[in-house]
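Before any comments, here is the structure.
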């Protein structure tokens, strides 16, 4: 079976040195999506926006598949108190 390598491009680039033996390019593409979701799940919290990509290379080093993902997140604080001067009531 051919070996495929899954490089991760995010804040830094991580080159896969081990790879995985998979049946074909289509199976490698499916595996890339799984890798993407696993990596995104680990690092998405706490960031407003995160962009990443997984690039699949075959044994010859040729890129055969690429998937990209952008996560946009915003923390919402429903219990936030508005302290602007026009909203604050002073007790006298």
message: If residue 84 meets every condition in (1) more than 16 Å from the chain's Cα centre (by Cα); (2) surrounded by 11 or more Cβ atoms within 10 Å (Cβ to Cβ); (3) at pLDDT below 95 apart from one, which number is that one?
response: (2)
- request: Go through the residues of the stretch 48-60 one by one and say whether even a single one is within 18 Å of residue 2 (Cα to Cα), modelled with pLDDT of 95 or more and loosely packed, with under 12 Cβ neighbours inside 10 Å.
  value: yes
- request: Collect the residues in the stretch 17-47 that are modelled with pLDDT of 95 or more, assigned to a loop (DSSP other than H, G, I, E, B) and surrounded by 11 or more Cβ atoms within 10 Å (Cβ to Cβ), keeping them in residue-number order.
  value: 19, 22, 24
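The values are calculated or read from the model by the stated rules, or taken from the named source; none is laboratory data. None of the values given here were measured: they were computed from a predicted structure. Heads up, the Cβs are rebuilt from the backbone with ideal geometry, glycines too, and the neighbour counts pull from every protein chain shown.
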